[in-house]
Amino acid sequence: MCLGVPGKVVGWIDRTPLFSKAEIEFEGVRKVCHMACVEDAEIGDYVIVHAGMAICRIDTQAAIQQLDTLQQLFNSTGET
């Protein structure tokens, strides 16, 4: 099973095709992710990230809903 998690693009590091990278924020934690599949994403956009690679853009409302669902799952298992 694979899990893609929504994250918010907060800054571009490199926009070179095939090697593009951006800083993505996940609930306050920032990670550098590869962006070759979503080179048209802009700062403030949400993307789905799997294994360090952004695989698609997602609208803000859907991203927030998915993050809320993940938070509810963690809360129900006692995780934070």
>> Can you tell me which residue is surrounded by the most Cβ atoms within 10 Å (Cβ to Cβ) among those in the stretch 40-78 that are out of contact with any Asp or Glu (no Cβ under 9 Å at 6 or more places or on another chain) and β-branched (Val, Ile, Thr)?
In response: VAL47
> Which residues, counting only those in the stretch 1-18, are of a type outside the set (Val, Ile, Thr) and surrounded by 11 or more Cβ atoms within 10 Å (Cβ to Cβ)?
Replying inline: GLY4, PRO6, GLY7, LYS8, GLY11, TRP12, ASP14, ARG15
> Could you count how many residues in the stretch 33-80 are under 11 Å from GLY7 (Cα atoms), among the aliphatic types (A, V, I, L, M) and in contact with a Lys or Arg (Cβ under 7 Å, 6 or more places away or on another chain)?
Replying inline: 1
>> Given the criteria of a type outside the set (A, V, I, L, M) and in a strand (DSSP E or B), does GLY11 qualify?
In response: yes
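Throughout, read-outs are computed from the coordinates displayed, never taken from laboratory work. In this text, all values refer to a predicted model and were calculated from it rather than measured experimentally. Note that we place each Cβ from the backbone using ideal geometry, even for glycine, and neighbour counts take in every protein chain shown.
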